[in-house]
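K.L.:
Below you will find the structure I want to go over with you.
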Amino acid sequence: MHETTATSYDCIVVGSGHAGSCAALSAFQSGCKRVLIVEKAPKEWAGGNGFFTAGAHRTAHGGLNDLLPLVHNVSPQLASTIDLDPYSPEEFAHDIMRLSHNQSDVALVKELVDNSRSAIDWLAHQVGVHFILSFRRQAYQVDGRQKFWGGLVLSVEEGGKGLIADHHRALEMAQIEIWFGSPATEILAEDDSVTGLVIRRDDQEIRLSSPTVILACGGFEASPDLRAKHLGDEWAHARVRGTPYNTGDGIALATIVGARRAGDWSSAGCHSTCWDAHASPSAGDRILSNQLTKSGYPLGLMLNSSGLRFVDEGEDFRNYTYARFGRAILAQPGGVAFQVYDAQVTGWLREEEYGDGIVQKVHAESIEELAEKLVDDGLAEPSTFVQTIKEYNTAVEANRAAYSNIKWDPAVKDGLSTESPSSPKCLIPPKSNWALPLTSPPFLAVKVACGITFTFGGLAIDPYTAGVLSENSGLPIPGLFCTGELVGGLFFGNYPGGSGLTAGAVFGRKAGKAAAEVAKNANAAASQI
């Protein structure tokens, strides 16, 4: 990146990921002439958690024809085979609110939803993000047609890697500096207004002058101590999916200058997924990245090391359950589980997540053989494992006998379940959709654990400017802004997949625009002295 030795800026952004890049570019486009990004991580870890995502962006939209001008992977011929329904602002807002059990801040949700589509346009046309339709993650080919499901349709070429590359290319063109290996250590303020930032660089303390600071440095998910303190002791054992550098710095810095905390600080207060149990516990993999996610569970079963099921794998579409099923795995003995599939569905699993060389797989020609093989990988009760699957198969067969007209379809909530009027007892937990009997060898098992993505507890912000609110006054602290995973109050317990990156863009744009206005006024006042 272009770099100077200046110590005075119009805007300083803390964090080089998706949200921070959005904020910096927005500030520049809104009139800030001197914008700096400071990044705690070294350059080889650039991009924050955004780098480790699939690049998925959830947005309200009008259907296929509305999105085709944005994407780069759909020919006219392919477009004629796509079923992609509109996704209204009302549906988007409803999804956030229902998954949070109506705890999400209504004003924040409204701003996210109402500005989602324009943020996507901005990313595509002014930042240069290369959007695609997410066929491999969000669509199934059924009866010769690509059927999208779950309200989420957009991704980015090369996923999070491509997203961060697009952002940093735009930052380079704008000559916005990034100082890597430069953690922020103090927010400077005078008369309750921001005046700058202190950073540590090359073992030296540097005081930077700026009327605005935008915090975009993530939550505390990479700190075992803070996870245990705020989420519960068991969370010290979760695996970190992304950057190891998100250790709560932004929250700590803002709290010292009087910022108000907000959001979900409970034991459910984070995004956590089914993650490869053999992955590193302390950081994501820069090569495999999001491929360590194991999201195929709606097509099969998940059993713990005691041989018991513990979630309804077919409760909802995967992108409405995956962000909390990691928590469910963490609560199991040893914090691990086994995903189990048979030959009916293995061809539907994503090659990127379940391909040879990507994940350790256990194959067997019978459930009994599979159970015995899994003993070496931690299955403590193989007989219970076999019995659980037999009881599941019996419940599925009873459902099929009662509702023989229902066709298995992974692109809709098909109603194929473990419940039937003839069953003497209900299977607990049930499987509410996509319930096929596990009877077709060869069988496949994959060991999974809890991978934590980001935390939901963060800072309270003004929904219109992304200004950080004061604990004492409830008003924005002049010059201090926040975006990305650091925003508190938006998600509680769960979230609709793809909402996080969109939120980073929406509130990043707001923060950058508001910061530019503050800088403009500060520069005007300084010129009159």
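The values are calculated or read from the model by the stated rules, or taken from the named source; none is laboratory data. Keep in mind the model is a prediction, meaning the values are calculated, not measured. Positions of Cβ are backbone-derived with ideal geometry, glycine not excepted, and every protein chain shown enters the neighbour counts. Remember, those area values only see protein heavy atoms, side chains included, never the ligands or the DNA or RNA. Shrake-Rupley method; radii C 1.70, N 1.55, O 1.52, S 1.80 Å.
K.L.:
Given the stretch 388-505, what strands (runs of 3 or more DSSP E) lie entirely inside it while holding 1 or more residues that are acidic (Asp, Glu)? Steps first, please.
P.N.:
On the way: elements: 443-455, 467-469, 476-482.
Strands (runs of 3 or more DSSP E) meeting the threshold: none at all.
K.L.:
Does the stretch 75-94 contain at least one residue that is in contact with a Ser or Thr (Cβ under 8 Å, 6 or more places away or on another chain), touching a residue at least 60 places away in the same chain (Cβ under 8 Å), closer than 21 Å to Ala505 by Cβ and of a type in the set (A, V, I, L, M, F, W, C)?
P.N.:
Taking every residue of the stretch 75-94 in turn, at least one turns out to be in contact with a Ser or Thr (Cβ under 8 Å, 6 or more places away or on another chain), touching a residue at least 60 places away in the same chain (Cβ under 8 Å), closer than 21 Å to Ala505 by Cβ and of a type in the set (A, V, I, L, M, F, W, C).
K.L.:
Same structure, new question: Filter the stretch 345-370 down to residues that are under 22 Å from His278 (Cα atoms) and among the hydroxyl-bearing types (Ser, Thr, Tyr) and give me whichever is most open to solvent (accessible area, probe 1.4 Å).
P.N.:
This residue is Thr346.
K.L.:
Next question. Return yes when Thr418 is open to solvent by 10 Å² or more (accessible area, probe 1.4 Å), more than 30 Å from Trp235 (Cβ to Cβ), among the β-branched types (Val, Ile, Thr) and more than 24 Å from the chain's Cα centre (by Cα) and no when it is not.
P.N.:
On the way: open to solvent by 10 Å² or more (accessible area, probe 1.4 Å): no; more than 30 Å from Trp235 (Cβ to Cβ): yes; among the β-branched types (Val, Ile, Thr): yes; more than 24 Å from the chain's Cα centre (by Cα): yes.
Against the criterion (open to solvent by 10 Å² or more (accessible area, probe 1.4 Å), more than 30 Å from Trp235 (Cβ to Cβ), among the β-branched types (Val, Ile, Thr) and more than 24 Å from the chain's Cα centre (by Cα)), Thr418 does not qualify.
K.L.:
Looking at the stretch 149-173, which of the residues that are within 25 Å of the chain's Cα centre (by Cα) and within 20 Å of Ser30 (Cα to Cα) is surrounded by the most Cβ atoms within 10 Å (Cβ to Cβ)?
P.N.:
Keep residues of the stretch 149-173 that are within 25 Å of the chain's Cα centre (by Cα), which gives 149-171.
Next cut, within 20 Å of Ser30 (Cα to Cα) only: 166-171.
On the way: Asp166: 23, His167: 26, His168: 18, Arg169: 13, Ala170: 21, Leu171: 23.
It comes out as His167.
K.L.:
May I ask you to say which residue of Ser404, Ser440 is of a type in the set (S, T, N, Q), surrounded by fewer than 16 Cβ atoms within 10 Å (Cβ to Cβ) and in contact with an Asp or Glu (Cβ under 6 Å, 6 or more places away or on another chain)?
P.N.:
Working: Ser404 fails: in contact with an Asp or Glu (Cβ under 6 Å, 6 or more places away or on another chain).
The unique qualifying residue is Ser440.
K.L.:
Out of (1) open to solvent by 50 Å² or more (accessible area, probe 1.4 Å); (2) more than 23 Å from the chain's Cα centre (by Cα), the odd one out for Arg136 is which?
P.N.:
Among (1) open to solvent by 50 Å² or more (accessible area, probe 1.4 Å); (2) more than 23 Å from the chain's Cα centre (by Cα), Arg136 violates only (2).
K.L.:
Ok, one more. Going residue by residue through the stretch 214-227, is there one that turns out to be of a type in the set (A, V, I, L, M, F, W, C) and over 14 Å from Glu485 (Cβ atoms)? Spell out how you get there, then give the answer.
P.N.:
If we filter the stretch 214-227 for residues that are of a type in the set (A, V, I, L, M, F, W, C), which is where we start, we get 214-217, 220, 222, 226.
Next, only the ones that are over 14 Å from Glu485 (Cβ atoms) stay: none.
The answer is no; no qualifying residue exists.
K.L.:
Ala254 passes all but one of (1) within 21 Å of the chain's Cα centre (by Cα); (2) assigned to a helix (DSSP H, G or I); which number fails?
P.N.:
Answer for Ala254: the failing condition is (1).
K.L.:
Filter the stretch 174-225 down to residues that are outside any strand (DSSP E or B), modelled with pLDDT of 95 or more, open to solvent by 20 Å² or more (accessible area, probe 1.4 Å) and acidic (Asp, Glu), then give me how many there are.
P.N.:
Residues flagged as outside any strand (DSSP E or B), modelled with pLDDT of 95 or more, open to solvent by 20 Å² or more (accessible area, probe 1.4 Å) and acidic (Asp, Glu) within the stretch 174-225 amount to 1.
K.L.:
Quick test of your reading of the structure: Val311 fulfils all but one of (1) surrounded by fewer than 17 Cβ atoms within 10 Å (Cβ to Cβ); (2) out of contact with any Leu (no Cβ under 6 Å at 6 or more places or on another chain). Name the failing condition by number.
P.N.:
(1)
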